[in-house]
Amino acid sequence: MAELPGQIRRMSGGISQLIEQIYGFSRRCLFRVISMGPIPSHLAFIMDGNRRYAKKHGLEDGSGHKAGFSALMSMLQYCYELGIKYVTIYAFSIDNFRRQPEEVQSLMDLMLEKIKSLLEKESIVHQYGIRVYFIGNLALLNDQVRAAAEKVMKTTAKNSRVVLLICIAYNSTNEIVQAVKKSCINTSDNMEASGNYKHEDRDSDIEGTDMENQEKRIQLVDIEENMQMSVAPNPDILIRSSGETRLSNFLLWQTGNTQLFSPAALWPEIGLRHLLWAVLNFQRNHSYLEKRKKQL
Amino acid sequence: MLSLLCFLLSLLFLLLLPCLRPCFSAKGSLKDKKKIDKGTYVVGEEEPPKGLRRELMPRHVAVIMDGNRRWAKQAGLLTSQGYEAGAKRLIEFAELCFKLGINTVSAFAFSTENWERHKIEVKSLMYLFQRYLKSKIQFFQSKEIRVSVIGNLAKIPESLLGIITEIEDATKSYKKKHLILAIDYSGRFDILRACKSIVKKSEQGLIREEDVDETLLERELQTKCTEFPSPDLLIRTSGEQRISNFFLWQLAYSELFFSPVLWPDFDKDKLLEALASYQRRERRFGCRV
């Protein structure tokens with residue numbers, strides 16, 4: 001009799017494992033059907049709504065972000081199973097540093113814990129062979145978080161199956177400014193190396209030639225290749241959770257032709273059905289967008 | 001057997017997905033539980049419609065006027081007639097925005113990518129811009145609306161360039177209402193142009209490399225013609241949900257409103273709906289409120 005509760009627990013554990021396996025199998029079958037059509041190569045996420053989720057469920061501060069991390073792991077699993085090669089997430093914006101210091105510190109502590117866990121053997125990084133990039137102004141992070149991020153990047157540098165780009169201490173206008181600065185420096189270096197000198201003469205012909213040279217010196221490709229996000233193609237889909245419809249200074253340069261999707265679900269509530277809906281819409285518009293890409 | 005069952009279940013799920021669409025999609029519309037009260041709308045510069053608050057009006061509204069060709073096709077008209085209807089709608093839209101106290105309206109009239117369209121269509125668009133702008137110079141002057149045109153403008157016909165210069169000169173002194181038309185515009189080229197300007201100033205010793213920051217770059221963008229370069233609200237019609245290389249930098253914190261309506265059908269009610277959605281939003285700019 002005393003063994004009965006233990007047996008019941010073992011049985012229910014076994015049943016839930018079985019259900020999970022059936023669900024996983026059905027999901028993979030569904031993905032096989034969907035991948036008969038075009039699959040996006042790069043998906044970006046703005047993970048909005050963790051704090052509202054905690055408030056909605058009466059949880060303590062910080063629990064929303066933990067729930068958000070679980071949702072992220074599930075979403076990464078779905079993306080990589082579906083065959084999406086690049087996933088970018090907006091983990092922490094430069095603007096977020098203006099939040100309350102306690103909240104910023106708690107977010108940094110959580111990020112440090114989760115970054116370190118990426119290197120564990122059971123982590124999703126090893127499961128899917130993920131190469132991880134940390135994109136942003138890493139100098140703004142504390143030493144521990146920065147060191148952990150650099151270690152993960154170094155450790156996963158040889159992985160090539162799929163890629164995870166974590167935008168941390170990032171905002172797009174900062175990324176563009178840094179790329180512009182690098183382009184300017186490269187341009188001056190190239191000019192000095194080729195022996196060109198400045199023209200002080202105000203003659204309009206020489207000024208005209210000057211302008212022409214300037215036009216040729218810097219092109220779009222110069223700025224593009226200096227962008228930190230140049231390690232990945234432009235996102236095909238950008239999903240922002242919690243129903244807010246704005247970019248919040250995320251991937252502005254890269255999302256010129258990206259499909260935007262803003263489900264009402266808070267980030268910890270995001271699930272397979274939202275991903276599927278976004279991908280099916282992508283497939284619906286794919287041929288038109290491919291035509292536009294060729295025109296660019 | 002089991003795999004066949006799962007396959008059939010997957011197909012059934014896919015077929016049922018369209019029925020579940022209302023659960024998934026949410027732009028401002030999911031939050032729009034209240035209807036706009038049409039009956040008490042008062043036209044005039046002092047009274048905003050009921051449900052809208054003057055102090056929460058956006059200062060700058062941008063619009064991607066999508067759907068003119070589809071509208072013409074649906075109505076059994078020529079594409080050029082669709083564009084005419086779109087141009088007329090833009091003037092009404094801008095006028096209404098100014099009456100509601102919005103200072104700046106910018107419209108994506110012609111993208112750099114649009115040069116790839118059929119030559120005849122492009123030519124007819126250029127002619128439409130020329131004709132419309134010329135015919136509206138007196139209108140803009142009478143309403144004291146400043147008109148600016150931004151874009152590369154390298155490929156547009158000389159005659160249109162002439163009209164643009166004329167209309168900009170004729171209206172440059174007006175301050176309270178500003179209509180910006182983006183013609184041959186690309187968000188990326190705007191940033192590239194700003195970059196080239198910075199390089200030039202750096203070579204002339206006017207700025208140092210360490211001075212280059214976000215504020216400086218923003219001042220070099222073509223939207224420097226307005227006091228409010230960043231739109232508070234971007235509206236895109238016709239149901240497409242993308243920016244299409246419009247203001248990339250400037251839209252960093254803009255609220256986006258995607259309407260399924262085609263541009264020539266985007267009337268006063270639709271604009272009020274967009275503004276109501278905007279006013280209900282909580283803008284945090286990365287911080288907590």
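Let me confirm something: among B:E121, B:E144, B:E116, which residue is on the phi > 0 side of the Ramachandran plot, of a type outside the set (V, I, T) and surrounded by fewer than 15 Cβ atoms within 10 Å (Cβ to Cβ)?
Working: B:E121 fails: on the phi > 0 side of the Ramachandran plot; B:E116 fails: on the phi > 0 side of the Ramachandran plot.
None of the others qualify; the one that does is B:E144.
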query = Given the structure, is A:L141 surrounded by 14 or more Cβ atoms within 10 Å (Cβ to Cβ) and over 25 Å from A:I270 (Cα atoms)?
reply = yes
inquiry  = I need every pair where a residue in the stretch B:173-193 that is more than 12 Å from B:T223 (Cα to Cα) has its Cβ under 6 Å from the Cβ of a residue that is at pLDDT 95 or above and acidic (D, E), sequence separation at least 6 or different chains.
reply    = B:Y174/B:E144
task = Return yes when B:L217 is outside any helix (DSSP H, G or I) and either under 30 Å from A:K181 (Cβ atoms) or within 21 Å of the chain's Cα centre (by Cα) (or both) and no when it is not.
result = no
task = Tally the residues that are touching a residue at least 12 places away in the same chain (Cβ under 8 Å), assigned to a loop (DSSP other than H, G, I, E, B) and of a type outside the set (D, E), restricting the search to the stretch A:1-59.
result = 8
query = Within the stretch B:216-230, is there a residue that is among the hydrophobic types (A, V, I, L, M, F, W, C), facing chain A (nearest Cβ under 7 Å), farther than 30 Å from B:A75 by Cα and crowded, with 21+ Cβ neighbours inside 10 Å?
reply = no
note = Subset of the stretch A:256-289, residues facing another protein chain (nearest Cβ under 10 Å) and not hydrophobic (A, V, I, L, M, F, W, C), comes to A:G256, A:N257, A:T258, A:Q259, A:S262, A:P263, A:R273, A:H274, A:N281, A:N285, A:Y288
ask   = Picking from A:S63, A:S70, A:S93, which residue would you name as being under 21 Å from A:F45 (Cβ atoms) and free of Cβ contacts under 8 Å to residues at least 12 places away in the same chain?
value = A:S63
key: Whichever residue in the stretch B:196-209 is on the phi < 0 side of the Ramachandran plot and not in a helix (DSSP H, G or I) and, among such residues, is nearest to the other protein chains (Cβ to nearest Cβ)   = B:Q204
task = Restrict the check to the stretch B:263-278 and report whether at least one residue is buried (at least 18 other Cβ atoms within 10 Å of the Cβ), within 11 Å of chain A (Cβ to nearest Cβ) and either part of a loop (DSSP other than H, G, I, E, B) or of a type in the set (K, R) (or both).
result = no
request  = Give me the pairs, please: first residue somewhere in the stretch A:170-194 and within 10 Å of another protein chain (Cβ to nearest Cβ), second residue anywhere and basic (K, R), beta-carbon distance under 8 Å, and either six or more positions apart or on two chains.
outcome  = A:T187/A:R217; A:M191/A:R217
Counted residues, the stretch A:85-104 - those being surrounded by 22 or more Cβ atoms within 10 Å (Cβ to Cβ) and away from chain B (no Cβ under 14 Å) = 3
ask   = Could you say which residue among B:F257, B:F246 is assigned to a strand (DSSP E or B), of a type in the set (F, W, Y), buried (at least 23 other Cβ atoms within 10 Å of the Cβ) and within 14 Å of chain A (Cβ to nearest Cβ)?
value = B:F257
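The values are calculated or read from the model by the stated rules, or taken from the named source; none is laboratory data. This is a predicted model, so every value here is computed, not measured. Positions of Cβ are backbone-derived with ideal geometry, glycine not excepted, and every protein chain shown enters the neighbour counts.
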